[in-house]
Amino acid sequence: MSTSPMQMSEARRFQQLKGHLSYLKLNDAAEALNRVLDQARTERMSMTAALERLLEIEVEATEARCLAARERFACLPEPWSLADFDFAAQPGVDEKLIRDLATLRFLDDASNVLFVGPPGVGKTMLSVALGRAAVEAGHRVYFTTAADLAARCHKAALEGRWKTCMNFFAGPKLLIVDELGYLPLPEDGASALFQVINQRYLKSSTILTTNVGIADWAGAFGDATVAAAMLDRLLHRAAVAGIDGPSYRLRNHQTKVDTIRAGVNSRAS
Ligand code: ADP
Ligand code: MG
């Protein structure tokens, strides 16, 4: 079967268009081209509508790739989001404050957030939930623990990469430092954390979780001057959420223990 010059040029033009899209690395649009053109023909779409549909496919794919990259970079340890947090189970949490933080307005003026409370009350969960909200809103987030941050800075100093390491921790729009005070920080660890906090001061937000009440920081750091300076930077613009409610884990554990006990008692009687 012979092809008319008209059809021939149309086929060539299609190939060229596909080639242009690939050259521009608009690969999802290139792949969808045939489908969108068919759709445009059958649905009698306008040229504008067809182009819009094609580019929308590329934009959506690019957004999904960027979100996945931000998620990988953030290293959030759990898939928690704020919807998973049971406020009724934790009366020690100021729900209004948390909902306000979840609007992410605190990122705009580089405010910090401190979650202070004993183990199991949801400090990590809330910080991960805020981190996830920030990732989804398009921000660069990085989660670490105080111990890991200290170890990483220590190693970087030994290997002559101190500046690179500091730049790394200065980069994210939101840095989450979990579990400050759970393990004693070595002296250079406390100083590294101070430098990280100091260089982010008034530029970008940090969320810090700790089991050490602010009044006891001097003791926890060994060095009262470093502790005071760090608190000064952190608290200058900050929301402090003290969580003094019951441990969620222990509460669940207690329910299980009660259930087992009730079972044993009913069998005994
Ligand atoms: P913390 O960091 O204060 O020690 P976590 O955030 O790690 O506590 O919480 C401990 C466990 O309890 C986690 O599995 C977390 O998902 C769960 N948890 C804590 N508080 C709540 C809550 N209010 N609603 C739902 N799960 C919670
Ligand atoms: Mg925790």
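Here are the numbers for the structure shown:
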{"item": "Residue, farthest from residue 143 (Cα to Cα), within region 78-93, restricted to residues that are within 16 Å of ligand 2 (Cβ to nearest atom) and open to solvent by 70 Å² or more (accessible area, probe 1.4 Å)", "result": "84"}
{"item": "When residues of region 161-202 are limited to those that are open to solvent by 70 Å² or more (accessible area, probe 1.4 Å) and in contact with a Gly (Cβ under 8 Å, 6 or more places away or on another chain), the one nearest to residue 133 (Cα to Cα)", "result": "184"}
{"item": "Residue tally, condition in contact with a helix residue (DSSP H, G or I) (Cβ under 8 Å, 6 or more places away or on another chain), open to solvent by 20 Å² or more (accessible area, probe 1.4 Å) and either acidic (Asp, Glu) or assigned to a loop (DSSP other than H, G, I, E, B) (or both), over region 236-254", "result": "0"}
{"item": "Pairs with Cβ under 6 Å, 6+ apart, first in region 226-247 and aromatic (Phe, Trp, Tyr), second open to solvent by 40 Å² or more (accessible area, probe 1.4 Å) and within 16 Å of ligand 2 (Cβ to nearest atom)", "result": "none"}
{"item": "Criterion: surrounded by 13 or more Cβ atoms within 10 Å (Cβ to Cβ) and among the aliphatic types (A, V, I, L, M) - qualifying residue of 37, 24", "result": "37"}
{"item": "Test: residue in region 97-111 that is in a strand (DSSP E or B), more than 21 Å from residue 243 (Cα to Cα), in contact (Cβ under 8 Å) with a residue 24 or more places away in the chain and more than 15 Å from ligand 1 (Cβ to nearest atom)", "result": "no"}
{"item": "Failed item, numbered, when residue 130 is tested on (1) within 15 Å of ligand 1 (Cβ to nearest atom); (2) at pLDDT 95 or above; (3) open to solvent by 30 Å² or more (accessible area, probe 1.4 Å)", "result": "(3)"}
{"item": "Any hit, region 217-226, residues being of a type in the set (Asp, Glu), at pLDDT 95 or above and more than 16 Å from ligand 1 (Cβ to nearest atom)", "result": "no"}
{"item": "Residue identified as open to solvent by 50 Å² or more (accessible area, probe 1.4 Å), part of a helix (DSSP H, G or I) and more than 30 Å from residue 136 (Cβ to Cβ) among 60, 10", "result": "10"}
{"item": "Failed condition for residue 233, given (1) among the charged types (D, E, K, R); (2) part of a helix (DSSP H, G or I); (3) open to solvent by 70 Å² or more (accessible area, probe 1.4 Å)", "result": "(3)"}
{"item": "So residue 208, is it part of a helix (DSSP H, G or I), among the aliphatic types (A, V, I, L, M) and closer than 22 Å to residue 238 by Cα", "result": "no"}
{"item": "Matching residues, region 65-77, being open to solvent by 60 Å² or more (accessible area, probe 1.4 Å) and away from ligand 2 (no atom under 16 Å from the Cβ)", "result": "65, 66, 71, 72"}
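The values are calculated or read from the model by the stated rules, or taken from the named source; none is laboratory data. All values reported here derive from a predicted model rather than from experimental measurement. Quick reminder, even Gly has a Cβ in these numbers, built from the backbone with ideal geometry, and neighbours come from all protein chains shown. The accessibility values were calculated without ligands, DNA or RNA, using every heavy atom of the protein model including side chains. Shrake-Rupley method; radii C 1.70, N 1.55, O 1.52, S 1.80 Å.
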